[in-house]
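Input: one structure, supplied below.
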Amino acid sequence: MKTHRIVADLLFTNEGPPLRGAAVDVDENGMVLAISGEATPGVNDLRVTVASPGFVNAHCHLELSHLKGRIADDARGMAHFIANMMAFRQVHIPQAANESCMTEADGFMWQEGVVAVGDVSNTRASLPVKSASLIRYHTFVEVMGLSAEHAAAILNAGVELCKEFEAVLGPGRASVTPHAVYSVSRELMKRIFSDHPGHLPLSIHMQESSDELDYCRNKSGPLADLFKRNKVSDSDFLPYGNEYPLLSLLKALPPSGRLQAVHNTFTTVDQLKKAVDSFRALFFCMCPSANMFITGRLPDVPGLVSAGARLTVGTDSLASNDRLSMVKELTLLQEHFSSVPTESLVRWATLHGAQFLGLESEFGSVKPGKTPGFVVLENMNPDNPRFHPEVRAKRISLN
Ligand SMILES: [Zn+2]
């Protein structure tokens, strides 16, 4: 069997501190055979400066790829963003046109070294692209609805869509998930959780905007106005008062469940700490570009870390981001939170995402037996590794 040797000046492994002058032997399928320090140079070595395991994009909406550049990044809040999205959803996009946008976005992620994606879908539109992709997708079939009366029918439609994805992509590659606390009635939330297979991940948008906080607290603010304007009946929505909604959701989850709260832009450290202390398999996803786009504010990343949160990184969709680039997200995080070590950022964007999706036996770290994929971080200084706007990620091709 043909083997390859990757030699890096600096290698992030997630199995200990980054290694200097490391050599990794992999087989033709990309499986790690051995890792060694200070290797003797060979003529066929793939020599790179800084390398990491393949990325796991923990939060994306591939099916919104045709909205790239359509909505202004004016940071006017969630109700304003949703109103824009609703307007664009009225415009019919031919499936072929949307498919070509999704294929391009999927290809971009592959070239950048993404090996797996947690992707939110409301329709089957992304199924052909996912089935042809080299990236491993877990599809979160997202449901929403504020009417308790329609909860059973909404969940059934979600379950059926899930089956469609699983029939093509394989069992366990899709799960029904709630959109957000402010868009899901308690009845629907209860049904989603009781119906959910405990071994699969769940993902929910959480405290993304102050509009969401107002609505969840006492049904006030721009989201309440938006629902009124659009004649969305929300009489079944029970506000959460001063309770952190995530804590309420966790009470309904089996201890074996895994849940990712996405955004957390307006989450306080005290709230989060209570959730972390009460539930083991919690992940908190950072999508900083989308946060700047929609609210102009970022989560308290150092605070979340100090509270013990396990962080993941996602790009969100091309409706609120100009590219699905994990390196762009990591650069934004390091520019705003310079105290966060590069090693941590890499771990969030690789190993933690793999753990959340249940793929850590294959992806997320450089370890014999795993097939993590390899990324070269071009223009990163191996002697002072930092993300900055010139850093580019490229998949290391073993062919
Ligand atoms: Zn999202």
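Nothing in this text is a laboratory measurement; each read-out follows from the coordinates by a stated rule. None of the values given here were measured: they were computed from a predicted structure. When we count neighbours, we look across all protein chains shown, and the Cβ atoms used for this are built from the backbone with ideal geometry, even at glycine.
Rounded to the nearest 10 degrees, what's the angle between the helix 78-90 long axis and the longest principal axis of the chain, both from Cα atoms, 0 to 90?
Result, in degrees: 90.
Still on this structure, please answer the following. Give me the percent relative contact order of the chain, please, defined on Cα pairs under 8 angstrom at least 6 residues apart.
Values: 850 pairs, mean separation 91.9, N = 399.
Computed value for the chain: 23 percent relative contact order.
Compute the distribution of all C-alpha to C-alpha distances in the chain, in bins of 10 Å from 0, and list the percent of pairs in each, rounded to whole numbers.
5, 23, 33, 25, 10, 3, 1, 0
Could you give the length gained by full extension between Ser248 and Ser361, i.e. 0.36 nm per residue of separation minus their alpha carbon distance, to one decimal place?
Working: separation 113, 0.36 × 113 = 40.68 nm, distance 3.12 nm.
Contour length minus the Cα-Cα distance gives 37.6 nm.
Ok, one more. Report the label-to-label distance for Asp74 and Val232 in nanometres (one decimal), using points 7 Å from each Cα along the Cα→Cβ vector.
If labels sit at Asp74 and Val232, their model points lie 2.0 nm apart.
Let me ask another. Using the alpha-carbon atoms, what tilt in degrees (0 to 90, nearest 10) does helix 95-111 show relative to the longest principal axis of the chain?
That works out to roughly 40 degrees.
Using just the helices of the chain, give the 222 nm mean residue ellipticity in deg cm²/dmol: DSSP H runs with n ≥ 4 each add -39,500 (n - 2.57), and the total is spread over all residues, rounded to 500.
Values: 14 runs with 133 residues, N = 399.
Value at 222 nm, helices only: -9500 deg cm²/dmol.
Provide the FRET efficiency to the nearest 0.05 for the Ser278-Leu134 pair, computing r from the beta carbons and using R0 = 56 Å. The partial results should precede the final answer.
On the way: r = 38 Å, r/R0 = 0.69.
Between Ser278 and Leu134 the formula returns 0.90.
What shape does the stretch 225-305 take by its C-alpha gyration tensor, where a ≥ b ≥ c are the square roots of the eigenvalues and a/c under 1.5 counts as rounded, a/b above b/c as prolate, and the rest as oblate? Write out the running numbers ahead of the final one.
On the way: a/c = 2.08, a/b = 1.20, b/c = 1.73.
Since a/c reaches 1.5 but b/c is at least a/b, the shape of the stretch 225-305 is classed as oblate.
Where does each of Phe88, Phe237 land when they are ranked from fewest to most other beta-carbon atoms within 10 angstrom? All intermediate terms of the calculation are to be shown ahead of the outcome.
On the way: Phe88 14, Phe237 22.
The most exposed by this proxy come first: Phe88, Phe237.
A follow-up question, please. Determine which lysines satisfy two conditions relative to Lys2: a Cα distance under 23 Å, and not lying fewer than 8 residues away in the same chain.
Lys367, Lys370, Lys394
How much FRET efficiency would the formula 1/(1 + (r/R0)^6) give for Asn379 and Glu15, where r is the Cβ-Cβ distance and R0 is 41 Å, rounded to 0.05?
Working: r = 25 Å, r/R0 = 0.61.
Efficiency, from the Cβ-Cβ distance: 0.95.
Now a separate question. Could you calculate the FRET efficiency of Trp110 with Asn156 from 1/(1 + (r/R0)^6), where r is the beta carbon distance between them and R0 is 30 Å, rounded to 0.05? Kindly include the intermediate steps, with their values, before the conclusion.
Working: r = 34 Å, r/R0 = 1.14.
The pair Trp110/Asn156 has a calculated efficiency of 0.30.
Let me ask something else about it. To make sure I understand the rule: partners must be aspartates and glutamates, Cα under 17 Å from the Cα of Lys251, and not fewer than 8 residues away in the same chain. Which ones qualify?
In chain and number order, the partners are Glu187, Asp195, Glu243, Asp277.
In Å and on Cα atoms, what radius of gyration and Dmax does the stretch 43-181 show?
Cα only, the stretch 43-181: 17.4, 68 Å (Rg, Dmax).
With labels modelled as points extended 7 Å from the Cα through the Cβ direction, what inter-label distance (nm, one decimal) is found for Glu149 paired with Glu164?
Distance between the two pseudo-spin positions: 2.6 nm.
With both bridge residues required to lie in the chain, what share of the DSSP beta bridges run antiparallel, to the nearest 5%? Walk me through the numbers before you get to the answer.
Working: 19 of 54 bridges.
DSSP beta bridges in the chain are roughly 35 percent antiparallel.
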